[in-house]
Amino acid sequence: MKLSVVVPVYNSEFSISSLVQRLQSALSSVSFEIVLINDNSRDASEAVCGQLAATHPNVHFISLRRNYGEFNAVMCGLNWSKGDYCVMIDDDFQNPPEEILKLLDKAENGDYDVVYTYYAKKQHARHRNFGSKVVNWITSYLLNKPKDLYLSSFKLISKEVVQEIIKYKGPYPYIDGLIFRTTSNIGKVQVSHQKREEGASNYTWRKLISLFLNILFCYSALPIRLFMPVGLGLFGLGALLLIFLFGQWVIGPDPKGWQVVTAAFIFIGGMQCTLLSVLGEYIGKSFMAQSGQPQYVIKFNSSELK
């Protein structure tokens, strides 16, 4: 099978049927499957998806017992996908299904492991555009993401990378973070972005903040490592102040009590931050070891051909 289209579904009873129909038409030139994951919708999405799976042989339907969030739903879909490439697309038609073939063409002609999309003009709400900018900024530093790469939810991933991604079994998956752990062979292609046809975006401020904290504390040890330069700086500043005050005490006039106390607090605080950063390194290494990060990922092994 050439392609798997993974669609996380949440409160989409009025749009999911149209999306499936457009996917069937847009991808008629390739062999493909559609994997629908109902993330415990509060409307009739489950019944609609069940009917679609019964009507179309290439539609597979999975319904989750509670609402786990978009990334968890996508991870579920990736675990059940069978295509050589997997495409993730939302159910709100902001990314036209007809654009999927652009991603597939870019991946095959450029031999890319992953292809992200970007837009000439985004039609998201202001708070989501702001959130996207913040996420893109922090991932550039925490995950070594290229600064000119936009992390869109509409993307294509090769089967080999998918197999590495689904090795992560933790409760807080971040698909882009798992991608950058696995490969740097990433392309991008411009696609159109349209206004949402049904309902409102499910990306609230609460979810954006949750995503930010997930990236910050689950996919990088950098926050812990920030204690090291801060601690060393305070330690050095405190040591210099104490030396200066000692010289003042020897030469005169005697330093004031509050000056000595302040310098001592800075010195001791710097020492504590430095020791905390050393301890944090051990904790961070243990955390990263338990987070499912692979030691290495093989792209080609000649021994497999023998």
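The values are calculated or read from the model by the stated rules, or taken from the named source; none is laboratory data. These numbers come from a predicted model, not from an experiment. A quick note on method: Cβ atoms are made from the backbone with ideal geometry, for glycine too, and the neighbour counts reach across all protein chains shown.
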Go through (1) in a helix (DSSP H, G or I); (2) at pLDDT below 70 one by one and return the number of the condition Ser220 breaks.
-> (1)
Test result for Ser201, within 13 Å of the chain's Cα centre (by Cα) and modelled with pLDDT under 90 = no
Would you say Asp39 is within 22 Å of Asp176 (Cα to Cα), among the acidic types (Asp, Glu) and free of Cβ contacts under 8 Å to residues at least 60 places away in the same chain?
-> yes
Subset of segment 123-155 [modelled with pLDDT under 65, touching a helix residue (DSSP H, G or I) at 6+ places or on another chain (Cβ under 9 Å) and not in a helix (DSSP H, G or I)] | His124
Name the residues in segment 100-113 that are closer than 12 Å to Gln190 by Cα and within 22 Å of the chain's Cα centre (by Cα), would you?
-> Ile100, Leu103, Lys106
Being without any contact (Cβ under 8 Å) to a residue 12 or more places away in the chain and outside any helix (DSSP H, G or I) is the filter here, so list the residues in segment 15-36 that pass it.
-> Ser28
Give segment 34-51 a look and list any residue that's under 24 Å from the mean Cα position of the chain (by Cα) and at negative phi, or say none.
-> Ile34, Val35, Leu36, Ile37, Asn38, Asp39, Ser41
Is it the case that some residue within segment 57-64 is in the same structural domain as Leu156 (by TED's automatic domain parsing), surrounded by fewer than 16 Cβ atoms within 10 Å (Cβ to Cβ) and over 20 Å from Pro173 (Cα atoms)?
-> yes
Check on Asn72, within 26 Å of the chain's Cα centre (by Cα) and either on the phi > 0 side of the Ramachandran plot or part of a helix (DSSP H, G or I) (or both) | yes
Before we move on, is Phe93 among the aromatic types (Phe, Trp, Tyr) and in contact with a helix residue (DSSP H, G or I) (Cβ under 6 Å, 6 or more places away or on another chain)?
-> no
Selection status of Asp92, at pLDDT below 90, more than 16 Å from Leu156 (Cα to Cα) and acidic (Asp, Glu) | yes
Of the listed residues (Ser4, Ser12), the one being in a strand (DSSP E or B) and hydroxyl-bearing (Ser, Thr, Tyr) is Ser4
